[in-house]
Amino acid sequence: MIRDTALSSPRTNGTLIRIEHLTKVYKLGEIDVHALRGISINVSKGEFVAIMGASGSGKSTFMNILGCLDIPTKGSYILEGIDVGKLSRDELAMIRNKKIGFVFQGFNLLSRTSALENVELPLFYGATSTKVRKEKAIEALEKVGLGDRIHHYPNQLSGGQQQRVAIARSLVNNPSIVLADEPTGNLDSRTSVEVMGIFQELNNNGITIILITHEPDIADFAKRHIVFRDGKIRADKVNDRPKTASEVIKSMPVIDDEEDEVE
Amino acid sequence: MKMLNIVLSALRALQRNKMRSFLTMLGIIIGVAAVIAMLAIGQGAEYSVKEQIASLGTNVLMIFPGAQQQAGVRSGAGSATTLTEDDASAIIRECSAVQYISPGAFSGGQIIAGNLNWSTSIQGTGIDYLEIRQWPIEYGDFFTEQDVKAAAKVCILGRTVADNLFLDASPVDQTIRIRNVPFKVIGVLTKKGQNAMGQDQDDVILAPYTTVIRRLSHFPNLRYILVSATSLKEISTAQTQISELLRMRHKIQSYEADDFTIRNQTDLASTATETTQVLTILLASIASISLLVGGIGIMNIMLVSVTERTREIGIRMSIGARAKDILTQFLIEALVLSLLGGITGIILGVVGSTIISSIAKWPTFITAFSIILSFGFSIAIGIFFGFYPARKAAMLNPIDALRYE
């Protein structure tokens, strides 16, 4: 497997992501749209970063590049020592499969496909045996507290549960980073906090999480805030006192037994 | 992604849209079933035409006396130019490729039975005539060797004659008068219908040729000899053997022309076979068009499916599916559709042809060739019409696909 050796990581001294002078220009007909105008950041292993900004600030473009769904126009993006800008379409797919776990706002689960099969999906694209695949998927679902609902279909699960399936799916391949794009955008406030609790727990276990959000409340759970505006980084600061989800939950009034409610 | 997994997930994807998958497959099912049934019917037609021609007697030779085209230039004199009973017995004795022989004589006239009468021809034949013509007796008996030797006044009626002279009554054991000679009716032939020329073959009376010669026509020699070869392939051998034998018996010198003519019906047989083959090809090509239309149906549905599942494609790409994986997935889905359709179509075609042959009493033949052909055709259609939609899916930009609403 040549590709595996190509993806094997040189020593990076704890630096997971190194981004330098990153720009992205879209061509909309005759007009050039500058979505990113020179971004440079480093993210180390084990960080919990919230990327914030209004719509049009370039955070979604940045997220796409981070997630290897898109490639930069200029500048370099080095993920675990691999220069992503030089990879082919298929190699990018391999990186997405092995090193990145996605969690989306709209959950993006395959409908009419059980939770277990949804979580197994990333393993389909690697060389995993059926048995190992199932074990890993169940393990991931147990991690997010859905061990008893592995055979449920997305339409039988609440929004919060669906997002947990999505988180399990993002974890199943032991990725280097979990990229969460507005993961709480479709959830009520209590469920949002619960989902953030899961992220915090994962982060405590050493998983690097990059969260994209425009809600300051949600960003407060992260350890580092990066604020985008007009394609540039406006602020990059450490959150000294991140909120803890378990504590926030205690202070919230119980409205409904959301877990059993099917959306 | 392993092949088995892809096939399984393709099956699952099709299962999610059962109705649509079924309707899509229906195109292929009908197409394949039509091809199979049409080929089966065509081949059945070919067979039954062959059968009918064989019953006309494709392995039959007719030997006529005299070189008919050389009216004024007869070579031999007197009886040497005509066929005799001895010629007939020599042929059956010495020609190995000859299976049956029937010396022929004929007469005609008004037949009277009770108060009814009818005009028809009387064929004098040998005892193997019915074997050669493959013409069974409906009821009663045929005459025997004994009747031939004794020139017995017995006869067998064709269906038309029996209907006209006896209406609904049984003619067997009744007496009819042929040119005032009384004949005992001993049997009735089955209905044979018209021949290729449109003549009613059932409008005939059969009697021993000896009887016809001695009691009716008083023409001493044979009008013709009917011979059947041991098989269709042996026709030309039989023809050569008979020709050599007759030349020798008639003492014809090598420079002299035959004083007899041998005719066969192989031309008719091959023309008819060709005709039915053309018919088979025609039927199969019409059926193939429906298969093609079925293929377009698959392409259509796969295109709809790609558009509808753009988001799914985006999700799959975001979690690591390569363009190749997506291409394979959709191609396999199209292939599974067309294969399932193909197999169902084959089963339906086989069952359909069986039903057709039992209801329409029409022989149908399902050959391995037609099954392999339609199976291969449906695979080819799956790949051909599945490729474009699959490629379209694989070429999607993951970001656009993910954002697709």
So, in the range A:181-210, of the ones that are touching a Phe, Trp or Tyr at 6+ places or on another chain (Cβ under 7 Å) and closer than 19 Å to B:S318 by Cα, which residue ends up nearest to the other protein chains (Cβ to nearest Cβ)? A:D181
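Please tell me if B:K324 is among the basic types (K, R), farther than 30 Å from A:A166 by Cα and surrounded by fewer than 18 Cβ atoms within 10 Å (Cβ to Cβ). Full working, then the answer.
Values: among the basic types (K, R): yes; farther than 30 Å from A:A166 by Cα: no; surrounded by fewer than 18 Cβ atoms within 10 Å (Cβ to Cβ): yes.
No.
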So A:S111 ticks every box in (1) farther than 17 Å from B:R311 by Cβ; (2) polar (S, T, N, Q); (3) in contact with a Phe, Trp or Tyr (Cβ under 8 Å, 6 or more places away or on another chain) but one. Which box is left unticked? (1)
Could you check A:G160 against (1) more than 14 Å from chain B (Cβ to nearest Cβ); (2) without any contact (Cβ under 8 Å) to a residue 60 or more places away in the chain; (3) outside any strand (DSSP E or B) and say which number it fails? (2)
Failed item, numbered, when B:I399 is tested on (1) within 14 Å of chain A (Cβ to nearest Cβ); (2) surrounded by fewer than 17 Cβ atoms within 10 Å (Cβ to Cβ): (2)
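Could you go through the range B:226-242 and let me know if any residue there is among the hydroxyl-bearing types (S, T, Y), crowded, with 21+ Cβ neighbours inside 10 Å and more than 14 Å from every other protein chain (Cβ to nearest Cβ). Talk me through it step by step, then tell me what you get.
Residues of the range B:226-242 that are among the hydroxyl-bearing types (S, T, Y), as a first pass: B:228, B:230-231, B:236-237, B:240.
Then keep just the ones that are crowded, with 21+ Cβ neighbours inside 10 Å; that gives B:228.
Applying the additional criterion that residues be more than 14 Å from every other protein chain (Cβ to nearest Cβ) yields B:228.
Checked the range B:226-242: at least one residue is among the hydroxyl-bearing types (S, T, Y), crowded, with 21+ Cβ neighbours inside 10 Å and more than 14 Å from every other protein chain (Cβ to nearest Cβ).
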Looking at this structure, is B:S305 surrounded by fewer than 18 Cβ atoms within 10 Å (Cβ to Cβ) and among the polar types (S, T, N, Q)? no
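Which fully enclosed helices (runs of 4 or more DSSP H) of the range A:64-154 have 2 or more residues being away from chain B (no Cβ under 14 Å) and of a type outside the set (S, T, N, Q)? Break it down into steps so the answer makes sense when it comes.
Details: elements: A:89-99, A:115-124, A:130-143.
It comes to A:130-143.
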Scanning the range B:320-349 residue by residue, the ones that are within 9 Å of chain A (Cβ to nearest Cβ) and either among the small types (G, A, S) or in contact with a Gly (Cβ under 8 Å, 6 or more places away or on another chain) (or both) total 3
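Return the residues of the range A:27-41 that are in contact (Cβ under 8 Å) with a residue 12 or more places away in the chain and either surrounded by 15 or more Cβ atoms within 10 Å (Cβ to Cβ) or more than 23 Å from A:K223 (Cβ to Cβ) (or both); say none if nothing qualifies.
Of the residues in the range A:27-41, the ones in contact (Cβ under 8 Å) with a residue 12 or more places away in the chain are A:34-41.
Hits for the range A:27-41 are A:H34, A:A35, A:L36, A:R37, A:G38, A:I39, A:I41.
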Looking only at the range B:269-319, filter to residues that are within 14 Å of chain A (Cβ to nearest Cβ) and of a type in the set (S, T, Y); which one of those is nearest to A:I95 (Cα to Cα)? B:S318
Go through (1) within 14 Å of chain B (Cβ to nearest Cβ); (2) assigned to a loop (DSSP other than H, G, I, E, B); (3) touching a helix residue (DSSP H, G or I) at 6+ places or on another chain (Cβ under 9 Å) one by one and return the number of the condition A:G46 breaks. (1)
Mind checking which pairs have a first residue in the range A:91-118 that is under 16 Å from A:N155 (Cα atoms) and a second that is crowded, with 21+ Cβ neighbours inside 10 Å and of a type in the set (K, R), Cβ under 8 Å, 6 or more apart or different chains? A:L109/A:R169; A:N118/A:R169
Restrict the check to the range A:165-177 and report whether at least one residue is surrounded by fewer than 23 Cβ atoms within 10 Å (Cβ to Cβ), touching a residue at least 40 places away in the same chain (Cβ under 8 Å), within 21 Å of A:S246 (Cβ to Cβ) and among the small types (G, A, S). no
Given (1) under 20 Å from the mean Cα position of the chain (by Cα); (2) buried (at least 17 other Cβ atoms within 10 Å of the Cβ); (3) among the aliphatic types (A, V, I, L, M), number of the condition A:I71 does not satisfy: (2)
Can you give me the ranges of the helices (runs of 4 or more DSSP H) entirely in the range B:1-115 with at least 1 residues that are modelled with pLDDT of 80 or more and touching a Pro at 6+ places or on another chain (Cβ under 7 Å)? B:18-56, B:85-94
Determine if the range B:128-147 includes at least one residue that is touching an Asp or Glu at 6+ places or on another chain (Cβ under 6 Å), of a type in the set (A, V, I, L, M) and crowded, with 17+ Cβ neighbours inside 10 Å. no
Those residues that are closer than 13 Å to A:A245 by Cβ and charged (D, E, K, R), I need them from the range A:183-210; list them, please. A:R190, A:E194, A:E201
In the range A:171-202, how many residues are closer than 20 Å to A:D217 by Cβ and part of a loop (DSSP other than H, G, I, E, B)? 7
Does at least one position in the range A:94-105 carry a residue that is over 17 Å from A:C68 (Cα atoms) and out of contact with any His (no Cβ under 9 Å at 6 or more places or on another chain)? yes
Filter the range A:50-63 down to the residues that are in a loop (DSSP other than H, G, I, E, B) and among the aliphatic types (A, V, I, L, M) and list them by number. A:A54
Residues of the range B:259-274 being at pLDDT 80 or above and either under 31 Å from the mean Cα position of the chain (by Cα) or surrounded by fewer than 19 Cβ atoms within 10 Å (Cβ to Cβ) (or both), which ones? B:T261, B:I262, B:R263, B:E274
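The values are calculated or read from the model by the stated rules, or taken from the named source; none is laboratory data. Only a predicted model underlies this, so the values are computations on that prediction, with no experimental measurement involved. Backbone-built Cβ (ideal geometry, glycine too); neighbour counts: all protein chains shown.
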